[in-house]
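*Asks:* The structure is given below, and queries will be raised subsequently.
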Amino acid sequence: MGVIIKTENLSKTYAGKIKALDSLNIEINEGEVYGLLGPNGAGKSTTINLLTTRITPTAGTAIVNGFDIRRHSMDVRKSIGVVPQDLTTDEDLTGYENLMMVARFYDVPKNDADERIAKLLKLVDLEEAAGRYVKQYSGGMRKRLELIIGLVHDPKILFLDEPTLGLDVQTRTQMWEYVREIQKNLNVTIILTSHYLEEVDALANRISIIDHGKILITGTPEELKSSLKGDIVQMTFKSQEDAEVMKQFPEATEARDFGPNIVRVTVRNSDEVLPSLIKYVSDKKLTIMRMTVQKPSLDEVFLQYTGRDIRQEDAGDVRKMMMNMRRMRR
Ligand SMILES: Nc1ncnc2c1ncn2[C@@H]1O[C@H](COP(=O)(O)OP(=O)(O)OP(=O)(O)O)[C@@H](O)[C@H]1O
Ligand SMILES: [Mg+2]
């Protein structure tokens with residue numbers, strides 16, 4: 001199993017602004033499902049757009065399926081399939097016609113195309129719906145069609161940029177199943193980006209957390225979780241003085257401020273340490289307002305490495321959306 005994507009100090013600065021991607025160095029192995037996880041503006045789409053040759057780097061380069069993205073972009077394009085975030089299928093065509101159009105675009109011979117399309121439709125349970133207009137599809141069906149559109153020309157690598165954004169929970173988990181089926185049956189390397197921690201946890205065998213154009217950590221989901229060195233106890237106190245005292249808790253492997261009067265303490269095993277932690281709070285006469293205990297999850301990993309909760313980013317999205325709506329009304 002060789003390296004199929006290798007980036008070498010891959011960097012992108014948009015029109016004199018701050019670096020959207022800052023010296024990215026990653027290696028992706030053939031057959032992997034590789035997840036890029038990060039908040040808004042982290043540089044995920046920039047990475048995908050560079051690797052798929054939609055934009056050019058300002059420094060560094062990448063080798064994709066043996067081809068340099070700077071010098072051999074056409075070869076790169078033939079090696080890859082892309083499922084962008086926005087819907088790209090034509091509503092006024094049938095599912096089958098959409099697939100055939102892509103086959104023609106890539107010069108796939110008619111017989112091969114027929115065989116390939118039949119296989120893909122079967123993989124995502126769209127055989128029955130293939131002859132219907134896409135405008136008659138449900139949201140989930142349309143996403144499934146988008147998923148196989150990128151696979152008609154039999155690429156070695158499939159890029160999925162936020163494949164389930166905006167889908168309801170049930171449809172999302174259904175999509176995961178289809179992504180798994182595709183990976184299993186088509187022998188394709190998959191690179192996906194996501195806001196959803198559950199998604200990369202469920203699908204990816206390796207993950208990079210990216211923020212401000214830099215990789216913060218890379219590893220298997222298990223490695224990332226175990227890098228946290230224990231469980232996290234978050235406590236809100238009545239005063240910063242109390243919070244300072246809590247930070248001195250002897251059994252903490254790590255303790256740090258996490259906002260006004262809020263402390264996060266890492267302990268090896270919360271089940272064992274909790275009684276002595278509570279005794280400490282009572283002995284020192286600290287006034288505690290709120291306390292939560294979290295076993296390691298990817299949410300925690302994200303928080304640990306970016307210093308913020310990924311859900312705050314979702315709140316940011318809503319704010320952005322409301323601002324845009326207000327602007328539109330003017
Ligand atoms: N065409 C562009 N021109 C100027 N700046 C851009 C452009 N595209 C992206 N940026 C900036 O580059 C940074 C990285 O953006 P990018 O779209 O790669 O982030 P992302 O991780 O995909 O975010 P999201 O989760 O919101 O999709 C951001 O600061 C963004 O504002
Ligand atoms: Mg993006």
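The values are calculated or read from the model by the stated rules, or taken from the named source; none is laboratory data. These numbers come from a predicted model, not from an experiment. Cβ atoms come from the backbone with ideal geometry, glycine included; neighbour counts cover every protein chain shown. Protein only, heavy atoms only, side chains kept; ligands, DNA and RNA dropped before computing areas. Shrake-Rupley method; radii C 1.70, N 1.55, O 1.52, S 1.80 Å.
*Asks:* Exactly one condition in (1) open to solvent by less than 20 Å² (accessible area, probe 1.4 Å); (2) within 16 Å of ligand 1 (Cβ to nearest atom); (3) outside any loop (DSSP other than H, G, I, E, B); (4) not basic (Lys, Arg) is false for Met100; which is it?
*Replies:* If we test Met100 against (1) open to solvent by less than 20 Å² (accessible area, probe 1.4 Å); (2) within 16 Å of ligand 1 (Cβ to nearest atom); (3) outside any loop (DSSP other than H, G, I, E, B); (4) not basic (Lys, Arg), just (2) comes out false.
*Asks:* A further question on this structure: Return yes or no: is Lys143 more than 26 Å from Thr7 (Cα to Cα), open to solvent by less than 50 Å² (accessible area, probe 1.4 Å) and more than 15 Å from the chain's Cα centre (by Cα)?
*Replies:* It is true that Lys143 is more than 26 Å from Thr7 (Cα to Cα), open to solvent by less than 50 Å² (accessible area, probe 1.4 Å) and more than 15 Å from the chain's Cα centre (by Cα).
Per-residue answers, yes or no, for (1) closer than 26 Å to Asn187 by Cβ; (2) outside the structural domain of Pro163 (by TED's automatic domain parsing); (3) within 15 Å of ligand 1 (Cβ to nearest atom):
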| site | (1), (2), (3) |
| --- | --- |
| Thr7 | yes, no, yes |
| Lys12 | no, no, yes |
| Ala15 | no, no, yes |
| Ala20 | no, no, yes |
| Ile55 | no, no, yes |
| Asp68 | yes, no, no |
| His72 | yes, no, no |
| Arg77 | yes, no, no |
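*Asks:* To continue, here is another question. Just wondering, is there one or more residues in the stretch 277-288 that are under 15 Å from the mean Cα position of the chain (by Cα) and surrounded by fewer than 19 Cβ atoms within 10 Å (Cβ to Cβ)? Write out each step before concluding.
*Replies:* Pass one, the stretch 277-288, residues under 15 Å from the mean Cα position of the chain (by Cα): none.
Looking through the stretch 277-288, none of the residues is under 15 Å from the mean Cα position of the chain (by Cα) and surrounded by fewer than 19 Cβ atoms within 10 Å (Cβ to Cβ).
*Asks:* A follow-up question, please. Which numbered condition in (1) open to solvent by 50 Å² or more (accessible area, probe 1.4 Å); (2) within 23 Å of Val152 (Cα to Cα); (3) within 16 Å of ligand 2 (Cβ to nearest atom) is the only one that Val83 fails?
*Replies:* Single failed check for Val83: (1).
This table checks each residue for (1) modelled with pLDDT of 95 or more; (2) crowded, with 18+ Cβ neighbours inside 10 Å.
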| position | (1), (2) |
| --- | --- |
| Lys12 | yes, yes |
| Gly41 | no, no |
| Thr58 | yes, no |
| Asn65 | yes, no |
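*Asks:* Sticking with this one: Being under 20 Å from the mean Cα position of the chain (by Cα) and closer than 30 Å to Ile117 by Cα is the requirement here; does Gly31 meet it? Reasoning before the result, please.
*Replies:* Values: under 20 Å from the mean Cα position of the chain (by Cα): yes; closer than 30 Å to Ile117 by Cα: yes.
So Gly31 passes the test.
*Asks:* Looking at the stretch 124-136, which of the residues that are buried (at least 19 other Cβ atoms within 10 Å of the Cβ) and modelled with pLDDT of 95 or more is farthest from Lys184 (Cα to Cα)?
*Replies:* My answer is Val134.
One line per residue, one yes/no per condition, for (1) in a loop (DSSP other than H, G, I, E, B); (2) without any contact (Cβ under 8 Å) to a residue 12 or more places away in the chain; (3) among the acidic types (Asp, Glu):
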| position | (1), (2), (3) |
| --- | --- |
| Ala62 | no, no, no |
| Glu91 | yes, no, yes |
| Arg104 | no, yes, no |
| Leu121 | no, no, no |
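*Asks:* Would you pick out the residues in the stretch 127-166 that are closer than 26 Å to Asn49 by Cα and either of a type in the set (Lys, Arg) or within 16 Å of ligand 1 (Cβ to nearest atom) (or both)? Can you show your working first?
*Replies:* Of all residues in the stretch 127-166, those closer than 26 Å to Asn49 by Cα come to 139-166.
If the condition is that a residue be closer than 26 Å to Asn49 by Cα and either of a type in the set (Lys, Arg) or within 16 Å of ligand 1 (Cβ to nearest atom) (or both), then Arg142, Lys143, Arg144, Lys156, Phe159, Leu160, Asp161, Glu162, Pro163, Thr164, Leu165, Gly166 are the ones that fit.
*Asks:* Which one of Val245, Val267 is farther than 30 Å from Thr58 by Cβ, among the aliphatic types (A, V, I, L, M), buried (at least 21 other Cβ atoms within 10 Å of the Cβ) and away from ligand 2 (no atom under 16 Å from the Cβ)?
*Replies:* From the options Val245, Val267, the qualifying one is Val267.
*Asks:* Tyr96 fails exactly one of the following numbered conditions: (1) touching a helix residue (DSSP H, G or I) at 6+ places or on another chain (Cβ under 7 Å); (2) closer than 28 Å to Asp201 by Cα. What is the number of that condition?
*Replies:* (2)
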